[in-house]
Structure formats: structure tokens, C-alpha cells
Amino acid sequence: MKKIISLLMAVVLLAIVSCNSDVPVTSMDINPSAIALQLNSTATLTVDFQPADATRQSVGWSSNNPSIASVNNNGVVTAHSVGTAIITATTNDGRHTATSLVSVTTLPRRGDVFVGGVKFDGENTQVVLWKNGVAQIFSNRASFDDGISSVFVSGDNVYMSGVYRGVATLWRNGIPQTLSTQWHSRANSVFVANNNVYVVGYRFDLVNGNAQNIATLWRNGVQQNLPSGQEGSFALSVFVSGGNVFVAGYEFRGDQTIATLWRNGVRQNLANNAWATSVHVVGGNVYVAGTVRNTQNVGRTAVVWRNGTRQNLSTIWAESNSVFVSGGNVFVAGSEVGQFIFGDPLAGVDHAMIWRNGVRQALTPTAGMRTFASDVFVVGNDVFVVGAERRVARLWRNGVQQNLQINTPNSIAMSVFVVE
């Protein structure tokens, strides 16, 4: 009898211990929370559980529209037809669910216009790519700094660089690849040449015991520091031509910023109190767009360098963000502040600007419109410019505003690429 009682007590104790060791799931998220896939492609979704040591980390998967995108028991999504579907993961006890938005699109075709950027929807940041004006969401719950900085299309592949979950990220056909594990890192520009993928940006790390931002080049995911001073540097744009890798950015020196061009890792200082934002190479000529602070750091001048020789684009406060050379013409996109002259409809407000061979054209000559142009791309006689107007993403084609699918007033278009 004593043995039976002892056995029963042991069973009870074991049950108590088992109950005490059970860590319930409190919440969960699907990673990524939104994804864009090309037809007939696949991607694997994963679940992040909170707390991370939750005991029962198993879920069931379902799709609300399996004819567009189906999902198997392992979270593998397959794209079947163009449209959107919501993939849901549910814990086995049914208490918790999480969703991921899947957008299915066609392969890139000649004439397709891709625009990368970000939308702010309440408390959420949405990483977004517009294809021919239609928005494809890549994350519904991104961190504040997340977004797409650059888009490049090569063959059937669409590459995007930017930030996802606070770190430098490269997307290939909607699938994110983390480039750096350091928080506060950013991938600013992507370029593809001869099947090699070049990405530049920066990351925050220790150098000789000092924490600073480091200009970084990733080639096919392999990280390389770009030579710079001891006080930090940023890489903003990359262009590959004739086997040479050109990177534009800037470095810090004391209280100054130095506009910098790296060619195959060798740096060239372009100007003090300045920064270089974009580089484009045609016929062996290297064009760099940037901005120079005026005397005593009062005001800024939009500039473009050709093989290191500087040309001023403005006489008032202005910035240049992107350069593109086509058919012997040099196009620069940026913004300008109108002079404070009574009766000038542009007086005192930022407005998006495009310079063609140094001649300025305002994209939104309307009073009170605070706009800027972040990128320019030229195909034939068509000039595409993206930016924002009163915190709403904009695309202009030959100076005429085009439609972008936008469901929130807070959005920015950062990059444009047109398939030729």
C-alpha cells in the first residue's frame, strides 16, 4: 500500500513539475509579414514566437486564396497566379494567429517601371515596391528606419536594397537576405553586372575601439570595408563599368564632411564641407552628384562633378540627390528652396527639381508644395523622377505626375528603375 501511495505521489509531482516547466506562447509573428513573389516561385515563411523559449512552438498553415498562393505544412508558399493572398499561421491550441500578405506578380517586361520606397501607416512602417503604379508590400510591421533605397532589374530578377528590421538587407525577387547583423546598418544602393551583385551602404561597428559608421561594399554578400578616415563614413551609391566599381559617399573629418568617390576601393576626395550622393559612368567619364555647403556653412549648393571637375547647379539653397547620363545629356534630380521674393509662387518652399545639362526645371511649380526629387532614370526621350510631395510618394514622367497606388498620406519614393 505504501508503494502505491508513493507511486501516486511521484506521478502527481511529475505532473506538477511538467506544468511548471511549460512556457506558454504569448504572441507570435510571421517573418516576413509581407512578401512579393513572381509566378511559379516559392518562399519559406517562418514564425517568431514570444517568448523565444515558449514550449509548444508548432503551428498549422492556411491560405485564404490558395489558387493565388498556397502554403504547405512547413510554411513553404507557392505562387500560382497574379493577385494577393493572406497566409495564416495558427498555434495548435488555436489561441494565437499571425498573418503574412503575399503578392504575386509577373516577370519583369520591357517598359515596366519599378519604384521603391516606404509608407507609414499609423504605427506601422511598410516596405513597398510599386510596379507600374501598383503597390507590393514587403513588410507590414517594419521598424521605423525600414524601407527600399534602391531598385535594379537584371533579366528576370528584381533586386532591392534597403533596411528591414533595422539592418542592411538585399531583396531578390521578394526574398530578403540580411547583409549585416549590426543594428543601424543600411544598404543604400544596388547594381548588378556580369551576374555579380554589388551593394553599398554602411554599418555601425567598432574601429580601433571607437564606435562609428563604416562605408561598406558587399559583393555577392561578402562584406568589404571601404577605406576612410578614423571618424566614420557613408557609402550612398554604386555603379559598375568596365570591371571597375565606383562608389559615391562621404566621410567625416573633424566637424567637416568630405565628399568622396571610391574607385575599386581607392578613395578620392572631391570637396570639403560636402557629400556625394550618386555616381553614373558613361564612356569612361565619371559623373557624381552631390551637395556643397556654402561659406561658413550657410546654405547649400547642388553640384555635379565630371571626372572630378565641379559644376554648380544652383545659386540658392539646393541639394542634388541623383545623376543619370543618357544621349550625351546629364540629368540631376534634387530639390531647391525658392528665394524669399514677394510674388514668387516658389518663394521659401522646397520643390522638386530636375536639372538637364545645368538648366533647371521645377517639377511642381505650385505655391506651398513642399517636394523633393530623390532619383532619376532616363530611357530614350522619357525622364522618370521619383520623390515626395507633402510626404506623399510621387512619380513624374517628363514632368507629368503619374499614378502611384497609395493608401496613406505618409510615404516616400526613393528609387526608380525602368526595364529597357
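If only residues of segment 218-231 that are in a strand (DSSP E or B) and closer than 19 Å to residue 164 by Cβ are counted, the one that is modelled with the lowest pLDDT is 223. For segment 219-240, a residue qualifies if it is more than 14 Å from residue 251 (Cβ to Cβ) and surrounded by fewer than 23 Cβ atoms within 10 Å (Cβ to Cβ), and the qualifying residues are 219, 220, 221, 222, 223, 224, 240.
In segment 247-282, the qualifying residues are those that are among the polar types (S, T, N, Q) and in contact with a Phe, Trp or Tyr (Cβ under 7 Å, 6 or more places away or on another chain), and the one that is surrounded by the most Cβ atoms within 10 Å (Cβ to Cβ) is 260. Can you work out which of the residues in segment 160-212 that are surrounded by fewer than 17 Cβ atoms within 10 Å (Cβ to Cβ) and charged (D, E, K, R) is nearest to residue 126 (Cα to Cα)? The residue in question is 172.
Restricted to segment 71-177, the set of strands (runs of 3 or more DSSP E) holding at least 1 residues that are in the same structural domain as residue 38 (by TED's automatic domain parsing) comprises 76-79, 83-91, 97-105.
Condition check: among the aliphatic types (A, V, I, L, M) and surrounded by fewer than 20 Cβ atoms within 10 Å (Cβ to Cβ). Does residue 129 satisfy that? The answer is no for residue 129. Of the candidates 226, 261, 217, the single residue that is under 23 Å from residue 302 (Cβ atoms) and under 23 Å from the mean Cα position of the chain (by Cα) is 261. Listed by first and then second residue, the pairs with beta-carbon distance under 8 Å, at least 6 apart or on different chains, first residue in segment 356-384 and of a type in the set (Lys, Arg), second at pLDDT 95 or above and surrounded by fewer than 13 Cβ atoms within 10 Å (Cβ to Cβ), are 356/329. Residue 308 meets the conditions (1) in contact with a strand residue (DSSP E or B) (Cβ under 6 Å, 6 or more places away or on another chain); (2) farther than 15 Å from residue 375 by Cα; (3) at pLDDT 95 or above in every case but one. The failed one is (1).
The values are calculated or read from the model by the stated rules, or taken from the named source; none is laboratory data. If you're wondering where the values come from, they're calculated on a predicted model, not measured in any experiment. With ideal geometry, Cβ positions are generated from the backbone for all residues, glycine too; neighbour counts draw on all protein chains shown.
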